[in-house]
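Peer 1: So that we are looking at the same thing, I have put the structure below in structure tokens.
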Amino acid sequence: MGNKSSEIQDLTKEKNQESNDGLYQSTEELLEDILKNKSVKHYRQLQYLAANHMNTILKIRYVLNPFAFVFLLSGENQFHLILETLDTEEATYVWHIEKDTTTLKNNLEKVSKELNIIKNEGRQIYLENQPVNFSRIIHDYSNNKKGFILWRDQLEEKLY
């Protein structure tokens, strides 16, 4: 995980490999800076996910194409890896993982491979293969506040 060829990136590790110019100390710092702009399409979703992220277990990660963040939320019986894009009109992707750190580590590698499939072959191909322990939440853009509340309610149903 953590190397530059991996789809799930960690800016902290990259920072150690490159010059300090223009890089953030952490992905959390990058996200915090991005969220200063409230006009980001998924501002509320990203803010909610960041507030509930299990940072003691996993650092927030990011994906380059489309630019998105990967969060870890803990549900009653499972962990949930959640991919949320910054500004594209794509669904929130949720991978459900047994609540065990070894299983989580193994699934991080699996999800990284699945993100490469999405990147290289497209979302439709990925979805047609009916991924296991996976769900998504479709965004409602008709009303920002209502859309966020619907999204949050759907996410919380998946968590418990």
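The values are calculated or read from the model by the stated rules, or taken from the named source; none is laboratory data. Note that the structure is a prediction, hence the values are computed from the model and not measured. As a convention, Cβ positions derive from the backbone with ideal geometry for all residues, glycine included, and neighbour counts pool all protein chains shown. We work out accessible area using only protein heavy atoms, side chains counted, and drop any ligands, DNA or RNA first. Shrake-Rupley method; radii C 1.70, N 1.55, O 1.52, S 1.80 Å.
Peer 1: Along Cα→Cβ, 7 Å out, is where each label goes; now give me the distance between the ones at ASN52 and ILE117 in nm to one decimal.
Peer 2: Result for the modelled spin labels: 2.6 nm.
Peer 1: Say we join alpha carbon atoms closer than 10 Å with springs in a Gaussian network model of the chain; which of ILE125, ILE137, ILE82 then has the biggest fluctuation?
Peer 2: ILE125
Peer 1: Something else: Over all Cα pairs of segment 51-160, how is the pair count split among 5 Å bins, expressed in % and running from 0 up to the last occupied bin?
Peer 2: That works out to 2, 11, 23, 25, 21, 13, 4, 1, 0, in percent per bin.
Peer 1: If you build a Gaussian network model of the chain, linking Cα atoms that sit under 10 Å apart, which residue out of ASN120, ASN129, ASN52 swings the most?
Peer 2: ASN129
Peer 1: Let me check something: with ligands and nucleic acids excluded, how do ASP87, ASP140 order by accessible area (1.4 Å probe), largest to smallest? Each step should come with its number before you reach the end.
Peer 2: On the way: ASP87 80, ASP140 55 Å².
From most exposed to least exposed: ASP87, ASP140.
Peer 1: Among THR56, THR27, THR101, which one shows the biggest mean-square fluctuation in a GNM of the chain, springs joining Cα atoms closer than 10 Å?
Peer 2: In this elastic network of the chain, the residue with the biggest mean-square fluctuation among THR56, THR27, THR101 is THR56.
Peer 1: Would you please name the GluC sites (Glu not before Pro) within segment 21-112 that are DSSP coil residues with at most 16 other C-beta atoms within 10 Å of their C-beta? Numbers along the way, then the final one.
Peer 2: Working: sites: GLU28, GLU29, GLU32, GLU76, GLU84, GLU89, GLU90, GLU98, GLU109; in loops: GLU76, GLU89, GLU90.
Answer by residue number: GLU76, GLU89.
Peer 1: On the protein heavy atoms, probe 1.4 angstrom, tell me the percent of accessible surface of the chain carried by carbon and sulfur.
Peer 2: Result for the chain: 44 percent of the exposed heavy-atom area is carbon or sulfur.
Peer 1: Full-extension gain between GLN124 and LYS41, please, as 0.36 nm times their residue separation minus the C-alpha to C-alpha distance.
Peer 2: Numbers: separation 83, 0.36 × 83 = 29.88 nm, distance 2.20 nm.
That pair, GLN124 and LYS41, stretches by 27.7 nm at full extension.
Peer 1: Let me ask another. Positive end of the dipole of the chain, charges at C-beta (+1 Lys, Arg; -1 Asp, Glu), about the Cα centre: which of TYR24, TYR160, ILE149 has its Cα farthest in that direction?
Peer 2: Of the listed residues, the answer is ILE149.
Peer 1: Ratio of segment 29-71's C-alpha Rg to 2.2 N^0.38 Å, to two decimals?
Peer 2: It is 1.11.
Peer 1: Right, here's the next one. Using helices alone, what [θ] at 222 nm do you get for the chain, with -39,500 (n - 2.57) per DSSP H run of 4 or more residues, divided over all residues and rounded to the nearest 500?
Peer 2: The helix contribution divided over the chain gives -13000 deg cm²/dmol.
Peer 1: Do you know the relative contact order of the chain, to the nearest whole percent, from alpha carbon pairs under 8 angstrom that are 6+ apart?
Peer 2: Relative contact order here is 19 percent.
Peer 1: Based on the Kirkwood radius over alpha-carbon pairs, what value in µm²/s does the Stokes-Einstein equation return for the translational diffusion coefficient of segment 101-158 at 4 °C and 1.567 mPa s? Display every interim value, and only then the final one.
Peer 2: On the way: Rh = 13.4 Å.
Translational diffusion coefficient: 96 µm²/s.
Peer 1: Now a separate question. Counting heavy atoms of the protein chains only and a 1.4 Å probe, report the per residue accessible area for the chain as a whole number of Å².
Peer 2: Roughly 55 Å² per residue, with all protein chains present.
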